[in-house]
Amino acid sequence: MSLASPAPELELPTPAGNTGVRAGALRLIRAILRSRKATVGTLILLVIVFVAAFPGLIAPDNPRAIAYAPNAGASWSHLFGTTSLGQDEFSQLIWSTRQTLIVTVVVSAIATFLSTFIGVTAAYLGGAADRVITIIIDVFLILPVLPLLILLASYLPPGVTSLTIVLCITSWAFQARQLRAQGLSLRNRDFLVSAKVRGERSLYIIFVEIVPTMTSLLAASFLSLAVYVIGFAASLQFLGLGNSGQLMWGTMLYNAQQQSALESGNVWWALAPGFAVALLGAGFALVNYAFDEIGNPALRPIKRRRRARRAA
């Protein structure tokens, strides 16, 4: 009587999608750590995200509390002094980070989606539809942006919602033009032809077949749009087209200008939010430059290219 051999242990297959996502994340982390620009930009953004997520841990006071002497100078009790109403400026700066970052990310994400959908759709459809969409894109490109922003904002009630709508309407066209050009280069690839032969719908082909091939370009579009949105949102609010009662860096600049902060010696009321806007823009810009260098070897520093040649 022979003993049956034990059954071999079954190895559970690892989902390919999870492995691909993990490998892509590791490559991205390595690329960021190798690039000084990406490392510095990522650290800036992480600090700002932490401040936006937990402002109560950093700000010493209620940003709206009128509890101190007006126009007090910078001190250990009030790092940036107080406003003309006696509010702590440092607390206002910290609490304004959240709303500013939310508007920047939301507008950049919506504008990236609009530019992707419009640009790739024009490239895929071709013919008369492409010509009409291209004309619309060109019209938005040649319109003077700041006067258009002021005109749109003047007809909408002041606030974050109106600011988001105005920035979304005016910030998609340039990226749509770039994504259309990329879509045209992919239009006759074999995988798209096979999808058409299978009878797939146009929306499926655009979002499942074409868009995933543009991941790096979409990331660069989002980052460059974020830099644009930060500056123009602060500009609109500084011109008085926002809601001065909402806590954002642009409204701090507007309130400081209205109360003649620089003339009265209360310089930090104006300089602190201006520096914060510049710092957030620099964080997105540095990460964007690093993505360009990672994706395009010709943009990498000369020393790094020489090392790569020697290694090869």
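Rounded to the nearest 20, the Cβ-based charge dipole of the stretch 43-151 about its Cα centre (Lys and Arg +1, Asp and Glu -1) stands at 120 debye. Across the stretch 71-127, Cα-Cα distances exceeding 12 Å account for 73% of all pairs. Pairwise Cα distances in the stretch 21-175 exceed 27 Å for 52 percent of all pairs. Rounded if a/c is under 1.5, else prolate if a/b is larger than b/c, else oblate: which is the stretch 151-304, with a ≥ b ≥ c the root eigenvalues of its Cα gyration tensor? Taking the square roots of the gyration eigenvalues as a ≥ b ≥ c, the stretch 151-304 is oblate. Think of the stretch 145-303 as a dipole: +1 on every Lys or Arg Cβ, -1 on every Asp or Glu Cβ, centred on the Cα centre; then among S202, L148, S221, S202 lies furthest on the positive end. Each Lys and Arg adds +1 at its Cβ and each Asp and Glu adds -1 at its Cβ; summed about the Cα centre, the stretch 156-213 shows a dipole of about 160 debye. Would you please classify the overall shape of the stretch 102-164 from the alpha carbon gyration tensor, given that a ≥ b ≥ c denote the square roots of the eigenvalues, rounded means a/c under 1.5, and beyond that prolate means a/b larger than b/c while oblate covers the rest? Taking the square roots of the gyration eigenvalues as a ≥ b ≥ c, the stretch 102-164 is oblate.
With equal scatterers on the alpha carbons only and no solvent term, can you work out the Debye log10 of I(q)/I(0) for the stretch 214-264 at 0.15, 0.17 1/Å? Log-scaled intensity ratios, in q order: -0.50, -0.57.
Any read-out appearing in this document is the output of simple, stated calculations on the displayed coordinates, not a laboratory observation. Remember, predicted model here, so these are calculated numbers, not experimental data. Using ideal geometry, Cβ is built from the backbone for each residue, glycine included, and neighbour counts are taken over all protein chains shown.
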